[in-house]
Amino acid sequence: MEYSEKVMDHFINPRNVGEMEDASGVGTVGNVQCGDIMRVYLKIEGGVIIDASFKTFGCGAAVATSSMATEMVKGKTVEEALKVTNKAVAEALGGLPAVKAHCSVLAEEALQSALWDYAQKNGIEIEGLEEPKETPHEH
Ligand code: FES
């Protein structure tokens, strides 16, 4: 399977690239197999994600899925953001080749990890959100 036009678009012109100084939550995850690392920043006000950005050191699909995932969560509540799963991201991109499915999993994990960080910092619980697993590529 070839990459869809949407994947190519988000790879070549990724949205929301960059660090965020005043992020409410930051999540960093890595995939041990490919060594790719993804960091997602969320700015949350009143339970709503008002801004999202990312930095990804990884393959083209990892860049495209982080770009799409950050686009999809903007304007959503933290609960709604949990529905931005790897499947939802891959679908929004018009599909991913099977060998690249784990790249969208990384995007989901980075997102959830940033939400977890936000919840921890604010002493709140987000229904349906589980503590992310430690990732060996954090440092
Ligand atoms: Fe690992 Fe894409 S090859 S995130």
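The values are calculated or read from the model by the stated rules, or taken from the named source; none is laboratory data. What you see is a predicted model, and the numbers here were worked out from it, not measured in a lab. Neighbour counts are summed over all protein chains in view; Cβ atoms, including those assigned to glycine, are modelled from backbone coordinates with ideal geometry.
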| query | Among the residues of the range 65-87, which ones are surrounded by fewer than 16 Cβ atoms within 10 Å (Cβ to Cβ) and touching a residue at least 40 places away in the same chain (Cβ under 8 Å)? | reply | GLU79
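State whether one or more residues within the range 63-77 are within 16 Å of the ligand (Cβ to nearest atom), over 9 Å from the mean Cα position of the chain (by Cα) and in a helix (DSSP H, G or I).
Taking the range 63-77 as the starting set, the residues that turn out to be within 16 Å of the ligand (Cβ to nearest atom) are 63-70.
Cutting the leftovers down to over 9 Å from the mean Cα position of the chain (by Cα) gives us 63-64.
Next, from what is left, pick out any that are in a helix (DSSP H, G or I): 63-64.
So far as the range 63-77 goes, yes, one or more of its residues are within 16 Å of the ligand (Cβ to nearest atom), over 9 Å from the mean Cα position of the chain (by Cα) and in a helix (DSSP H, G or I).
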| task | Scan the range 13-26 and give yes if some residue there is crowded, with 17+ Cβ neighbours inside 10 Å and part of a strand (DSSP E or B), otherwise no. | result | yes
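Run down LEU106, LEU111, LEU93 and say which single residue is in contact (Cβ under 8 Å) with a residue 40 or more places away in the chain, surrounded by 17 or more Cβ atoms within 10 Å (Cβ to Cβ) and more than 10 Å from the chain's Cα centre (by Cα).
Working: LEU106 fails: more than 10 Å from the chain's Cα centre (by Cα); LEU111 fails: more than 10 Å from the chain's Cα centre (by Cα).
Answer to the check: LEU93.
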| Taking into account only those residues within the range 28-51 that are more than 16 Å from the ligand (Cβ to nearest atom) and touching a residue at least 60 places away in the same chain (Cβ under 8 Å), which is surrounded by the fewest Cβ atoms within 10 Å (Cβ to Cβ)? | ILE44
| remark: Given the conditions (1) in contact with a strand residue (DSSP E or B) (Cβ under 9 Å, 6 or more places away or on another chain); (2) outside any strand (DSSP E or B), every one holds for LYS83 apart from (1)
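Take ALA98 and tell me if it is within 16 Å of the ligand (Cβ to nearest atom), of a type in the set (A, V, I, L, M) and at pLDDT 95 or above.
Values: within 16 Å of the ligand (Cβ to nearest atom): yes; of a type in the set (A, V, I, L, M): yes; at pLDDT 95 or above: no.
For ALA98, the condition - within 16 Å of the ligand (Cβ to nearest atom), of a type in the set (A, V, I, L, M) and at pLDDT 95 or above - is not met.
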